[in-house]
Amino acid sequence: MSSMRARLTIRYAALMLTLMGAYAGAVYAARRAGVQREAAQLAVTHGDLAVAVLRATQRAGSAQIIVSDSLVGSVLNQEVARLLMEIPGYVIVFDDETGRRLYTSRAVIDLNFLPPSLAQRELAQRDIDRFENALTQVERSRNAVRVPLRNGDLILVERRSSDPIFGRRRVIAGVNLRDFDNSPREVLGSALIVFPFVLVVAAGGGFLIAGRAVRPIDRITSEVEAITDGRSLHRRLAVESTGDEMTRLTTTLNAMIGRLETSFGALRRFTADASHELKTPLAVIRADVERAMQAQTQTTEQLVALEEALQQTTRMADLVDSLLTLARADEGRFDLHREVVPMEPLVREVMETATILGEESGLDVSLPVLEELVVLGDRTRLRQLFLNLVTNAIKYTPRGGKVELNLVLHGAQAHFSVKDTGIGIAAADLPYIFERFWRADRVRTRSAERSGFGLGLAISHWIAQAHGGQLTVQSRLNRGSTFTVILPVHSADAAGADGAGADDTSAARVGS
Amino acid sequence: MKVLVIEDDPTVGAFIKRGLEEQRWGVHLVADGEEGEQVAASEKFDVIILDMRLPGKSGLDVLQSLRSRGFEKPVLVLTAQDAVDSKVRTLRAGADDYVTKPFAFEELLARVEALARRPRAMQSPMLRVGDLELNRDTREVHRAGEAVELTPKEFAVLEYLIRHAGRVMSRTLITEYAWGYHFDPGTNIVDVVINHLRKKIDLKHDKKLITTVRGVGYVVKA
């Protein structure tokens, strides 16, 4: 469980980190752009101010330019310069004709200062280079230019006047962002301090929450282990009514445990039933044989005892065979050996037996419809299936009742039905009749009349399915039941070819 | 007709041997697969009856070995399982037919005879008890010259009794013969059939051929 917790927490923390980083990044970028914009605005203001000063003084008539000497070149009139000095920041006035700088503000002069130490000098020089580059850039573009200097970035703008009187002058104005507004860095700084803290708290919290969520799974696992230890299948998990996934999990697991319990129970009962069923014939055989061995027993009595014992062995062999068949059915094996089986003679044979049995039980047995059909399958098993249905019908129909057999073709299917007017099956029981050891009378009588193991229908059902068909039932309590076997019909064209392929096994079979 | 029986269980082996000898077969019984192979190689047999579950070399191995050595006569296999795939396997390995345990001797006998294709000339199709005649081939039955109409089951039961005329046949065995296995009628269906047979065969005649032996079965005797 800890690994799932850890995984969840790590993922959650990573997500937090990503989100916080993205947020901080966005805020920083926005602030930076904002600051830059504002600074550019300010620089523009400064620039325009310088332009205004120059124009005003020009109009006033005073000479702006004073040529001092050829070394220094032209400089601006002192008066004008003094006015310009009021403008803060970086200001340069260029004379377009000569390209000379008529005025540079204090800040620009300071910028161009080279300190004595070598290391510092290099840095300063780099700044100067950048600045000069920027000046060139700003001349070409209309936009503000950002210059990274070691004491803060500069925003430079260029201002001109379209006034012809103004002449060829242009003004570069610049604002240092760090002096202006430091908020982006502050944002970043505070993020760096706060975020780790937040991350730790979030991760910690996430870990706890994950643990809380995952603990029920742990609990359920332990409980299920305890329940399925082999003796406690009657127990169930406690279901919390939170209505969430946990509820669904526990409910589903409980249902599964319920099914396990049922099938284990069924298995246990089955084993117990089978043992019981086998014990009875064994007891009879034992008694008979012992009797036959007693000195005072006459020969005829011996024969009687042995005949009874023989009968019991047949019953047992039958039961064992049935159990084996059902075990195979359980494994999902539906293998049968296949041959072409004409249904009409088979049903006639079954009918004869049905008639005999019916006669004995005072029932009217009839076969109104018998169509000619051919089915691909196991003749012995089919006969077993049909006889089983017939004997059931006769067994559970009281004297004076009727049993009707039919073999009808419906499309590509053969329907063999056995309909009786017997005791019927309750609707509540219908879903269970094909289960093992189920019996209509539900009382295990030992009378010859109702003997039988209760496996007949289970096997009949399997035989039908193994032939690719099904066994269905309709019944009403005290009115009677109709069992119908539906089998796929073997096509007549293939019948000719397959007829020759019926194997020796069937040819050698004894009895009909 | 000679048959080699390879069966390790002495009871079952003796049972088969005695039964077949009664039917005038020559029977050689061995309890071991290896010995069986040797005997099969040295003597001539018409059929081999082979139990699948043998100690030592398994029945399947013996079967395959016999076939690969060129034994071409029919082999009837005794199996305990009823699993179809093992049936298919044994048949594919070279067996010609199989009988599952427990088996009724009648069934074994019938299959062995079928495999050996015992010429019918040796056994006449006519069976007679007193003035009752039954023709196995034509399925005609006559008593005192008069034809008797029988249903398939009635014929089967009568044939069985006549074939063992004089012997009391157990009801269980009669049922198994006429209805095969996997059938538990729950009631004594044989009694009903015998009733019908009596009406058709004994009723009009003073001499009753079909006799009941209480608790055991029936016998047909003159």
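Laid out as a table, the results:
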{"item": "Residue among A:T353, A:T380 that alone is closer than 19 Å to B:V190 by Cβ and assigned by TED's automatic domain parsing to the domain that holds A:N406", "result": "A:T353"}
{"item": "Subset of the stretch A:184-194 [surrounded by fewer than 17 Cβ atoms within 10 Å (Cβ to Cβ) and in contact (Cβ under 8 Å) with a residue 24 or more places away in the chain]", "result": "A:L188"}
{"item": "Any hit, the stretch A:387-401, residues being closer than 24 Å to B:N195 by Cβ, touching a Ser or Thr at 6+ places or on another chain (Cβ under 7 Å) and among the small types (G, A, S)", "result": "yes"}
{"item": "Single residue of the stretch A:348-364 satisfying the filter (buried (at least 22 other Cβ atoms within 10 Å of the Cβ) and hydrophobic (A, V, I, L, M, F, W, C)) that is farthest from the other protein chains (Cβ to nearest Cβ)", "result": "A:L363"}
{"item": "Count of the stretch A:409-426 residues which are crowded, with 18+ Cβ neighbours inside 10 Å and within 23 Å of A:L373 (Cα to Cα)", "result": "6"}
{"item": "Selection within the stretch A:128-150 - closer than 27 Å to A:S183 by Cα and at pLDDT below 80", "result": "A:R142"}
{"item": "Some residue of the stretch A:242-251 being within 12 Å of chain B (Cβ to nearest Cβ) and within 47 Å of the chain's Cα centre (by Cα)", "result": "no"}
{"item": "Where a residue in the stretch B:188-210 is more than 14 Å from chain A (Cβ to nearest Cβ) and its partner, wherever it lies, is hydroxyl-bearing (S, T, Y), with Cβ under 9 Å and at least six apart", "result": "B:I210/B:Y218"}
{"item": "All positions within the stretch A:266-320 that are more than 21 Å from B:V190 (Cβ to Cβ) and acidic (D, E)", "result": "A:D273, A:E277, A:E290"}
{"item": "Residue satisfying all of: in the stretch B:41-72; basic (K, R) and over 17 Å from B:L29 (Cα atoms); surrounded by the most Cβ atoms within 10 Å (Cβ to Cβ) among these", "result": "B:R67"}
{"item": "Selected residue (only one of A:A295, A:A287 is more than 9 Å from chain B (Cβ to nearest Cβ) and under 21 Å from B:P102 (Cα atoms))", "result": "A:A287"}
{"item": "Filter result for A:H461 (away from chain B (no Cβ under 14 Å), crowded, with 18+ Cβ neighbours inside 10 Å and modelled with pLDDT under 90)", "result": "no"}
{"item": "Residues (out of contact with any helix residue (DSSP H, G or I) (no Cβ under 6 Å at 6 or more places or on another chain) and part of a helix (DSSP H, G or I)) located in the stretch A:228-252", "result": "A:E245, A:T247, A:R248, A:L249, A:T250, A:T251, A:T252"}
{"item": "Qualifying positions in the stretch B:74-100 - part of a loop (DSSP other than H, G, I, E, B), at the interface with another protein chain (Cβ under 9 Å from one of its Cβ atoms) and either closer than 30 Å to B:G145 by Cβ or at pLDDT 80 or above (or both)", "result": "B:D96"}
{"item": "Selection status of B:V30, within 14 Å of another protein chain (Cβ to nearest Cβ) and within 22 Å of B:K2 (Cβ to Cβ)", "result": "no"}
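The values are calculated or read from the model by the stated rules, or taken from the named source; none is laboratory data. None of these values were measured; they are calculated from a predicted model. Please note: Cβ atoms are built from the backbone with ideal geometry, for glycine as well, and neighbour counts cover all protein chains shown.
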